Amino acid sequence: MADPIRAQYESYPYPARDPGDERRRLVSGSPSHLDEIRHYLHGGRLDLNQPFRALIAGGGTGDAAIMLAQHLTDAGAAQAEVSYLDLSTASRAIAEARAEARGLTNIRFVTGAIEDIADRAPGPYDYIDCCGVLHHLESPEAGLAALTRQLATGGGMGLMVYATLGRAGVYPVQEALAQLAGDKPDRERLAVARRLVADLPASHWLKRNPFVGDHLTGGEAGLYDLLLHRRDRSYRVDELLTLVRGAGLAPRGWIEPARYEPETYLTDPVLRTAAAALDPDARVALAERLSSVIAKHIVYVAPADRTPPSPPDPGADDTVLVLRDLDPIAVAKGLRGGGMLQAEIDGTPYRAPLPDLAPGILASIDGRRTVADIRAAVCEQAHSIADPAAFADQARALFRAFHGINRMLVRHAGGVKNG
Ligand SMILES: C[S@@+](CC[C@H](N)C(=O)[O-])C[C@H]1O[C@@H](n2cnc3c(N)ncnc32)[C@H](O)[C@@H]1O
């Protein structure tokens with residue numbers, strides 16, 4: 001097989017997945033969570049009674065295709081279709097088995113290259129996922145351009161590429177393995193990689209880097225993908241922005257949002273004020289420098305010449321608050337109104353003030369209720385009447401806190417069934 005990238009993924013489909021696991025859990029992640037697509041690319045309004053076409057470009061063993069297809073099925077989106085495209089037939093077989101295990105019938109599987117998308121699986125697509133793939137292409141620019149040409153009017157993409165700073169130690173080990181294992185057969189290369197991982201000095205950045213772990217926990221596929229890949233580059237934020245803008249696209253949302261906000265890393269008021277004065281691209285680049293450990297960049301993008309509608313105001317009466325993959329009751333129980341939401345972003349503490357009514361609002365969120373519905377429920381519970389403007393501020397504050405860690409999104413009630 002001439003193409004070493006294709007050969008790798010035929011031998012070591014990535015990430016390693018067992019279709020039998022579909023019975024007990026849905027792998028959820030970013031990009032391509034339906035709540036995120038709606039929030040970041042469609043201004044909170046997606047009419048799923050209309051046809052919706054998504055492409056998962058370089059779909060691997062199926063994580064994004066399965067998640068999105070399941071979300072669309074759960075939302076009753078009868079006319080939605082997810083197209084899966086990948087070079088690797090072995091990866092596709094795993095993804096197909098996972099779809100079968102879940103009884104999903106809304107995925108179309110295609111074997112082929114992103115570069116041949118116009119022939120193999122032409123659009124237009126309302127949404128395109130390209131996660132962990134562009135950085136393996138001979139020309140990421142040509143690949144992204146080919147995908148962009150298949151976007152429908154009003155469509156957007158979710159991208160993930162490796163991030164340079166958080167992959168400290170990875171590239172020196174890749175280079176060392178090229179020297180030590182050269183063009184040996186794969187099994188021998190893996191054996192040499194295992195030896196080297198075990199033999200690295202404690203001072204090596206790879207040993208000291210807790211933000212990459214595929215070589216330790218990802219099985220053979222993970223070890224190969226991280227340390228033996230034959231084409232693998234990484235991006236600083238400004239390089240990624242150049243790639244994205246070169247394709248005529250613009251960022252619409254970084255995941256998690258607080259990871260890309262300088263204020264997450266700064267406490268000094270003078271520095272915070274200086275950071276706040278920067279333009280959006282510069283702020284994101286600064287956040288990466290201040291973090292210094294971001295290992296993957298996840299960003300939603302849309303054509304630069306079309307500004308998608310903004311998501312609705314999280315305090316507006318007809319806005320629906322959506323908790324992303326959290327149990328509202330359990331979260332409400334663990335929080336104190338007027339306290340702090342505490343989390344971690346790559347080891348940096350994340351603290352966000354919570355409004356007094358945080359537990360009550362959270363407990364009423366079900367992904368369908370509007371802010372007005374939630375206000376009525378909270379008032380009924382407390383036997384009181386809330387001032388709508390003050391309640392709106394509480395909803396906004398709660399949204400700000402959870403949105404920073406990508407756990408709360410919004411959508412319009414807007415009368416659109418399933419929307
Ligand atoms: C690192 S895996 C990522 C898989 C999946 N997107 C995920 O995030 O779990 C990269 C995938 O891209 C596929 N791939 C690499 N180059 C490709 C190309 N030019 N066209 C289509 N697929 C490609 C590989 O076969 C592999 O399955």
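The values are calculated or read from the model by the stated rules, or taken from the named source; none is laboratory data. It should be emphasised that the depicted structure is a prediction, and the values quoted were computed from it without experimental measurement. Note: ideal-geometry Cβ built from the backbone for every residue, glycine included; neighbour counts use all protein chains shown.
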- Query: Taking into account only those residues within the stretch 148-172 that are of a type in the set (A, V, I, L, M) and either within 15 Å of the ligand (Cβ to nearest atom) or in a strand (DSSP E or B) (or both), which is farthest from D346 (Cα to Cα)?
  - Reply: A152
- Per the filter on the stretch 1-32, residues away from the ligand (no atom under 12 Å from the Cβ), surrounded by fewer than 19 Cβ atoms within 10 Å (Cβ to Cβ) and outside any loop (DSSP other than H, G, I, E, B) are G20, D21, R23
- Query: Residues in the stretch 165-210 that are at positive phi and at pLDDT below 95: how many?
  - Reply: 1
- Selection from the stretch 131-147 of residues over 11 Å from I114 (Cβ atoms) and in a helix (DSSP H, G or I) yields H135, E141
- Message: Looking at the stretch 81-104 only, could you name the residues that are away from the ligand (no atom under 13 Å from the Cβ) and in a loop (DSSP other than H, G, I, E, B)?
- Response: G103, L104
- Note on the structure: When (1) free of Cβ contacts under 8 Å to residues at least 40 places away in the same chain; (2) crowded, with 20+ Cβ neighbours inside 10 Å are applied to A65, the one that fails is (1)
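Are any residues in the stretch 112-144 among the hydroxyl-bearing types (S, T, Y) and surrounded by fewer than 22 Cβ atoms within 10 Å (Cβ to Cβ), and if so, which ones?
Passing the criteria: only S139.
Quick check on this structure: which one of A78, A64, A69, A54 is at pLDDT 95 or above, within 9 Å of the ligand (Cβ to nearest atom), assigned by TED's automatic domain parsing to the domain that holds D129 and within 24 Å of Q150 (Cβ to Cβ)? Spell out how you get there, then give the answer.
Values: A78 fails: within 9 Å of the ligand (Cβ to nearest atom); A69 fails: within 9 Å of the ligand (Cβ to nearest atom); A54 fails: within 9 Å of the ligand (Cβ to nearest atom).
Step by step, each of A78, A64, A69, A54 is checked, and only A64 is at pLDDT 95 or above, within 9 Å of the ligand (Cβ to nearest atom), assigned by TED's automatic domain parsing to the domain that holds D129 and within 24 Å of Q150 (Cβ to Cβ).
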- Message: For the list (1) away from the ligand (no atom under 13 Å from the Cβ); (2) part of a helix (DSSP H, G or I), I need the number of the one condition that E115 fails.
- Response: (1)
- Query: Mind checking which pairs have a first residue in the stretch 115-127 that is among the aromatic types (F, W, Y) and a second that is more than 9 Å from the ligand (Cβ to nearest atom) and assigned to a helix (DSSP H, G or I), Cβ under 6 Å, 6 or more apart or different chains?
  - Reply: Y127/I37
- Can you find a residue in the stretch 280-294 that is part of a strand (DSSP E or B), closer than 30 Å to P124 by Cβ and not aliphatic (A, V, I, L, M)? no
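Could you check the stretch 126-147 and list, in sequence order, the residues that are under 23 Å from L72 (Cβ atoms) and within 15 Å of the ligand (Cβ to nearest atom)? Write out each step before concluding.
The initial filter retains those residues of the stretch 126-147 that are under 23 Å from L72 (Cβ atoms), namely 126-133, 147.
Listed by number, the residues that qualify are Y127, I128, D129, C130, C131, G132, V133, L147.
Quick one: would you say E175 is free of Cβ contacts under 8 Å to residues at least 24 places away in the same chain and in a helix (DSSP H, G or I)? Can you show your working first?
Details: free of Cβ contacts under 8 Å to residues at least 24 places away in the same chain: yes; in a helix (DSSP H, G or I): yes.
So E175 passes the test.
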